[in-house]
Amino acid sequence: MKILIVGGGGREHALAWKLAQSPLLTKLYCAPGNPGIARHAECVQIGVQDNMGIVRFVREKQIDLTVIGPEDPLAMGLADELTSKGFKVFGPSQAAAELESSKIFCKKLLHKHDIPTAAFKVFDDAHSAHESLEKSLAPVVVKADGLAKGKGVIVCSTLAEAHNAVNEIMKGRIFGKSGDRIIIEECLRGEEVSLLALTDGKALLLLDPAQDHKRALDGDEGPNTGGMGAYSPVASITPELRAEVERRVFVPTIHAMRREGRRYQGVLYAGLMLTSNGPQVLEYNVRWGDPETQPLMMRIKSDLAPLFMSVAEGKLSDTPIEWDPRPSICVVMASGGYPGEYQTGKPIEGLEKAAKLKDVMVFHAGTAMSQGCVVTAGGRVLGVTAIGDTIADARARAYEAVSMIHFDGAHYRRDIGYRAL
Ligand code: AMP
Ligand code: GLY
């Protein structure tokens, strides 16, 4: 089986590492990949937003399965381009990807089908948003409708902050067109978890839960980021809770999407808040989570290639996925300043030494080669991931590897997995 992975971050490195182990694989490509991915796949210089370039490549190499990593190409219809030409794809169509690319579409679908989520209102002008805020109680959450590189959500503890967020999005246009319409919603409290499921639009296979750490600093302080670390499994997701989420969240969503003519094929990621009123959907992502994928891939024992193919062909069976019961944890090493401004091109030392540790994988996220050296090339640079007999063991191993790796300005949280200890 010839597989192409689209993307070049930590999530795609974890997918490439796992897919490369499949006995069914004859050749693995990644567009554009990164220096870590290059150890498992042939990286080709095609950008993730170059739909035509990717289609050309798939045709030229007669790729059997294309696995799309990030949301942008999905929202731009890459899956549709490929399937319309007869190629198989793991990843939803543009219409199905609206679950992530339009928060308003997502919230309306959830509301219509009675799927638990925060109460919300939609606005297409700043004036009515301000008016409505006058009658609201803080805290509230202000969200841009469209994609905003994971930054389109502003949690406001006061109404002044909320008015300001409305102005920045709708008048300052900090997220451009993505902020033409906004949502103002109730602020939920509780523990956040990520539950992902493979689906071909009919059958559903829930994965083990993972927990991300979205804030930049220890103790969940500081600004929101793409994710500073993750671990799996999560003890607070009991088998009963997982069954409830499957029944009340995933099943009705998949059915609703099919009825709306937007059959969903790929992995569906539910960001959930475990509130005192039960689990509520914060958001859907139409792709693997980053960094949740890193610990998930360390724990999945089943061969992913045939599983992904069965999703693409609409033949997903209910054969459960086999898991390594041991916990896994990923610590993200980021560039100094991230999620704000940061510098790139810093040489990274200690990668070889860290990679030699048992049960450790150093997944590359924002890296590049420069003069024969691996250098930093993004905000999130590495996802240092370990598996161990206990969460404490996995954690100690991951931090041991982190301590061996150095680059100028490196910043990471020291408390990843603290809720699980
Ligand atoms: P999203 O991009 O939708 O995942 O939102 C980013 C983060 O904002 C989430 O991970 C939550 O921490 C937070 N968030 C989003 N919606 C809400 C809400 N209704 N109540 C509380 N926090 C929220
Ligand atoms: N880890 C959060 C995300 O992938 O969106």
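The values are calculated or read from the model by the stated rules, or taken from the named source; none is laboratory data. Keep in mind that this is a model prediction, so the values were computed, not measured. We place every Cβ from the backbone using ideal geometry, glycine too, and count neighbours over all the protein chains shown. Please note that ligands, DNA and RNA were not included when accessible areas were found on the heavy atoms of the full protein model with its side chains. Shrake-Rupley method; radii C 1.70, N 1.55, O 1.52, S 1.80 Å.
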- Item | For the range 1-99, with +1 on Lys and Arg beta carbons and -1 on Asp and Glu, the positive-most of G36, F90, G9 along the dipole | G36
- Partners for K143 among lysines (Cα-Cα distance below 20 Å; same-chain residues under 8 apart left out): K103, K107, K108, K112, K121, K135, K151, K171, K177, K214
- Added length on full extension, which subtracts the Cα-Cα distance from 0.36 nm per residue, Q45 to A160: 36.8 nm
- Message: To make sure I understand the rule: partners must be aspartates and glutamates, Cα under 15 Å from the Cα of K27, and not fewer than 8 residues away in the same chain. Which ones qualify?
- Response: E42, E60, D64
- Task: Would you work out what percent of the accessible area of the range 134-286, with all protein chains in place, is carbon or sulfur (probe 1.4 Å)?
- Result: 50 percent
- Task: Please report, largest first and rounded to whole Å, the three semi-axes of the ellipsoid equivalent to the range 178-252, where each semi-axis is the square root of five times an eigenvalue of the C-alpha gyration tensor.
- Result: 25, 19, 13
- Note on the structure: hull vol. (C-alpha, convex hull) per residue for the range 1-158, Å³ -> 152 Å³
- Considering only DSSP beta bridges with both partners in the range 9-159, what is the antiparallel share in %, to the nearest 5? 50 percent
- Note on the structure: From highest to lowest solvent-accessible area (probe 1.4 Å; ligands, DNA and RNA excluded), R189, R395, R299 read R189, R395, R299
- Task: Compare the Cα positions of G261, A216, M273 along the charge dipole of the range 175-283 (+1 at Cβ of Lys, Arg; -1 at Cβ of Asp, Glu; about the Cα centre) and return the one farthest towards the positive end.
- Result: G261
- Message: Quick check for the range 264-374: number of Lys pairs with alpha-carbon distance under 29 Å, counting only pairs 8 or more apart or on different chains?
- Response: 6
- Share antiparallel - DSSP beta bridges, the chain, percent rounded to 5: 80 percent
- Query: Arranged from highest to lowest average of other beta-carbon atoms within 10 Å per residue, in what order do the peptides 134-143, 10-19, 92-101 appear?
  - Reply: 10-19, 92-101, 134-143
- With charges set only on the Cβ (+1 for Lys and Arg, -1 for Asp and Glu), what does the dipole of the chain come to about its Cα centre, in debye to the nearest 20? 700 debye
- Note on the structure: Convex hull around the C-alpha positions of the range 307-352: the volume in Å³ per residue is 215 Å³
- Message: Tell me the accessible surface of S335 in square angstrom (1.4 angstrom probe, heavy atoms of protein chains only), to the nearest ten.
- Response: 0 Å²
- Query: What figure in square angstrom, to the nearest 10, would you give for the accessible area of I174 with a 1.4 Å probe?
  - Reply: 90 Å²
- Task: Compute the Cα gyration tensor for the range 271-421, then decide on rounded, prolate or oblate, letting a ≥ b ≥ c be the square roots of its eigenvalues: rounded whenever a/c is under 1.5, prolate when a/b is larger than b/c in the other cases, and oblate in all that remain.
- Result: prolate
- Query: the range 330-347 to the range 221-286: how many Å between their Cα centroids?
  - Reply: 28 Å
- With a 1.4 Å probe and all protein chains in place, put M52, M404 in order of accessible area, largest first. M52, M404
- Item | Solvent exposure of the chain as accessible area per residue, Å², 1.4 Å probe | 41 Å²
- Compactness check, the chain: C-alpha Rg relative to the 2.2 N^0.38 Å globular estimate gives 0.94
- Note on the structure: The relative contact order of the chain, taking Cα pairs under 8 Å that sit 6 or more residues apart, comes to a percentage of 16 percent
